[in-house]
Amino acid sequence: MQITSEIEKRRTFGIISHPDAGKTTLTEKLLLFGGAIQSAGAVKSNKIKMHARSDWMEIEKQRGISVATSVMGFDYDGIKINLLDTPGHQDFAEDTYRTLTAVDSVIMVIDCVKGVEIQTEKLMEVCRMRNTPVICFINKLDREGRDPYELLDEIEEKLSIKVRPLSWPIGMGKGFKGVYSLFDSSLRLFKPSKSKLEEGLHITDLSDSRIDEAVGERDAEQLREDVELIEGVYPEFSVDDYLKGEVAPVFFGSAVNNFGVKELLDCFIRFAPKPRPRETDVRLIEPSEKDFSGFIFKIHANMDPNHRNRIAFVRVCSGKFERGQNYYHVRTDKKIRFSSATMFMAQDKEMVDEAWPGDIVGLYDTGNLKIGDTISQGEKGVFKGIPSFSPEIFKEVINKDAMKTKQLEKGLNQLMEEGVAQLFTYEIGSRKVVGTVGVLQFEVIQYRLKHEYGASCDFVSMNLYKACWIHSKDQKKLKEFVNSKYRHIARDKDGKLVFMAESKSWLTMVQDNFPEIEFHFTSEF
Ligand code: G4P
């Protein structure tokens with residue numbers, strides 16, 4: 001059947017890292033291998049730059065450009081790879097969290113000098129929620145970095161995942177000589193190269209004297225010791241454990257020098273999961289089912305206020321998507337026809353007629369679709385696993401123009417549907433609070449409200465620690481809790497109850513006092 005073969009050859013994944021670890025560089029090298037771009041620098045120019053914080057308009061423009069690179073599709077060795085871009089800028093972390101709901105696996109880039117950084121830890125937590133399989137790429141081996149064993153221990157400790165090196169570096173920094181693949185017993189010698197790749201030395205026996213000739217006796221001896229130690233200490237690599245998200249294979253290399261990248265890619269296409277079954281609130285949907293289904297994980301607004309259309313990104317979960325068909329929009333219980341669907345291939349948008357599980361389709365939308373929406377061929381189940389995450393910065397919205405109250409509401413709602421930020425409305429006094437991961441979004445919201453909706457607002461900082469979605473098996477207890485803490489109770493965009501915690505210590509105290517109430521930092525649990 002066509003659907004089975006289409007599923008077999010698809011791999012949909014994302015690259016995650018702390019900013020500056022080398023995500024953009026690695027993306028670019030992978031695209032070069034896939035022939036999707038011809039020259040280095042093509043992706044780089046679309047990168048949202050860290051230092052652009054002061055100039056957020058520039059960032060928004062770049063975000064506009066980055067629609068094209070939101071999904072990069074390329075073929076490699078008969079496999080169709082969909083690489084979903086995740087914004088590196090920390091202020092857009094929520095975008096990244098949501099994108100991770102649409103991938104089947106991730107490659108995590110770690111800088112060998114800096115080790116595991118804070119953003120890596122946060123992203124790993126998101127991966128853990130869905131047991132997403134992770135491959136680690138330890139980058140920048142051409143720099144004097146930390147001891148590889150120490151790095152592996154740090155990954156295990158800080159990211160709470162077992163590791164299994166599948167390649168091993170010979171030297172580092174100035175003395176970096178190459179990488180030995182534990183996976184297929186081959187040695188590749190390091191030669192800085194920005195584009196092409198040279199074949200490695202294939203060695204089946206570590207005692208082969210060609211190793212000594214290639215890297216020198218001392219390093220060769222060290223390699224033999226290291227390999228013996230690794231094979232002794234780490235259990236054999238288990239693909240099953242990797243697919244369960246329990247063990248992360250680790251590769252070493254230097255993305256900018258295109259070194260170690262091919263090994264990574266070869267292993268990726270061999271082991272990384274093909275599109276997997278997905279859970280709705282009704283049942284488990286197999287990708288091979290005949291009927292199409294998918295969910296929206298990202299919405300991108302047009303920056304031009306004269307064209308208010310948006311692009312909704314749909315991850316196809318089952319069946320075949322066909323352009324021009326009527327599909328069922330579960331939330332509004334309506335049929336919608338998508339006549340112009342776009343698929344993304346590297347940097348070119350292409351009109352598509354059909355798409356398969358694992359693919360991402362861009363749908364033009366005039367304001368009907370929301371993040372988290374399910375589209376199907378009639379089935380009513382809603383895909384799970386697209387939660388909102390508690391923001392970290394909270395500000396109350398103050399309307400500055402009483403004549404434009406309606407515009408403000410409409411604008412805020414639409415921006416929230418796009419996922420620019422989250423809105424919480426207090427039960428008492430209907431105070432509206434916007435929550436974000438970064439400060440940048442507040443400026444973006446103000447600017448867009450003014451230019452796209454003609455509304456103006458101010459933001460007043462609020463001293464809040466987290467928004468906690470609350471739940472209890474005992475409805476009476478939940479009601480009691482809400483009554484006793486009514487000043488701190490709000491509703492999210494879907495009307496779900498949220499407890500707005502002012503500090504960590506206070507939250508702990510409240511949790512102790514109300515053991516029957518569950519407090520969650522995500523909207524789905
Ligand atoms: P990011 O997307 O994770 O934020 O990182 P990005 O790829 O932009 O890489 C961050 C910096 O690290 C870049 O330098 C990049 O060239 C450099 N880099 C990436 N891989 C390697 C590597 O293997 N070795 C070394 N030594 N550096 C690497 P930059 O100075 O910020 O940018 P550029 O001027 O070099 O483009």
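Looking across Lys493, Lys473, Lys477, one residue alone is assigned to a loop (DSSP other than H, G, I, E, B), surrounded by 13 or more Cβ atoms within 10 Å (Cβ to Cβ) and charged (D, E, K, R). It is Lys493. A search for C-beta distances below 8 Å between a residue of segment 242-253 that is in contact (Cβ under 8 Å) with a residue 60 or more places away in the chain and any residue that is within 16 Å of the ligand (Cβ to nearest atom) and of a type in the set (D, E, K, R), counting only pairs 6+ apart in sequence or on different chains, returns Phe251/Glu263; Gly253/Glu263.
When Thr27, Thr69, Thr86, Thr12 are checked against the criterion of being outside any strand (DSSP E or B), of a type in the set (Ser, Thr, Tyr) and modelled with pLDDT of 85 or more, Thr27 stands alone in meeting it.
The rows are residues; the columns are (1) assigned by TED's automatic domain parsing to the domain that holds Lys298; (2) at pLDDT 95 or above.
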position: Asp348; (1), (2): yes, no
position: Asp353; (1), (2): yes, no
position: Val361; (1), (2): yes, no
position: Asp365; (1), (2): yes, no
position: Ser388; (1), (2): no, no
position: Val397; (1), (2): no, yes
position: Leu412; (1), (2): no, no
position: Leu415; (1), (2): no, no
position: Ala421; (1), (2): no, no
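Take segment 243-257 and flag every residue that is of a type in the set (S, T, N, Q) and surrounded by fewer than 24 Cβ atoms within 10 Å (Cβ to Cβ). Within segment 243-257, just Asn257 meets the criteria.
Here is a check on your reading of the model: is Glu286 loosely packed, with under 13 Cβ neighbours inside 10 Å and either in contact with a Ser or Thr (Cβ under 6 Å, 6 or more places away or on another chain) or in contact (Cβ under 8 Å) with a residue 24 or more places away in the chain (or both)? Taking the combined requirement at face value, the residue does not satisfy it.
Can you find, within segment 107-120, the residue that is modelled with the highest pLDDT among those that are within 13 Å of the chain's Cα centre (by Cα) and more than 19 Å from Thr12 (Cβ to Cβ)? Per the stated criteria, the residue is Thr120. The condition of being without any contact (Cβ under 8 Å) to a residue 40 or more places away in the chain, within 30 Å of Val510 (Cβ to Cβ) and not basic (Lys, Arg) holds for only one of Leu423, Leu478, that being Leu478. Any residue at all in segment 113-135 that's in a loop (DSSP other than H, G, I, E, B), β-branched (Val, Ile, Thr), in contact with a Gly (Cβ under 7 Å, 6 or more places away or on another chain) and surrounded by fewer than 21 Cβ atoms within 10 Å (Cβ to Cβ)? Yes, segment 113-135 contains a residue that is in a loop (DSSP other than H, G, I, E, B), β-branched (Val, Ile, Thr), in contact with a Gly (Cβ under 7 Å, 6 or more places away or on another chain) and surrounded by fewer than 21 Cβ atoms within 10 Å (Cβ to Cβ). Could you tell me how many of the residues in segment 1-25 are under 21 Å from Ile360 (Cα atoms) and within 13 Å of the ligand (Cβ to nearest atom)? Count: 5.
Of the helices (runs of 4 or more DSSP H) that lie entirely inside segment 152-266, those containing 1 or more residues that are under 18 Å from Val106 (Cβ atoms) span 239-243. Within segment 471-492, the set of residues being under 31 Å from the mean Cα position of the chain (by Cα) and more than 24 Å from Leu412 (Cα to Cα) comprises His471, Ser472.
Going by what's in this entry, would Lys298 be described as in the same structural domain as Lys370 (by TED's automatic domain parsing), farther than 26 Å from Gln2 by Cα and modelled with pLDDT of 70 or more? Spelling it out, Lys298 is indeed in the same structural domain as Lys370 (by TED's automatic domain parsing), farther than 26 Å from Gln2 by Cα and modelled with pLDDT of 70 or more.
Among the residues of segment 138-178, those that are in contact (Cβ under 8 Å) with a residue 60 or more places away in the chain and among the charged types (D, E, K, R) comprise Lys140, Asp142, Lys162, Arg164. Checked against (1) modelled with pLDDT of 95 or more; (2) near the ligand (Cβ under 10 Å from one of its atoms), Asp104 passes all but condition (2). Taking segment 289-300 as the range and being buried (at least 16 other Cβ atoms within 10 Å of the Cβ) and acidic (Asp, Glu) as the test, only Glu289 passes. Filtered by the rule that a residue be within 16 Å of the ligand (Cβ to nearest atom) and over 18 Å from the mean Cα position of the chain (by Cα), segment 124-162 gives Ile138, Asn139, Lys140, Leu141, Asp142, Arg143, Glu144, Gly145, Arg146, Pro148, Leu151.
The values are calculated or read from the model by the stated rules, or taken from the named source; none is laboratory data. These numbers come from a predicted model, not from an experiment. Note: ideal-geometry Cβ built from the backbone for every residue, glycine included; neighbour counts use all protein chains shown.
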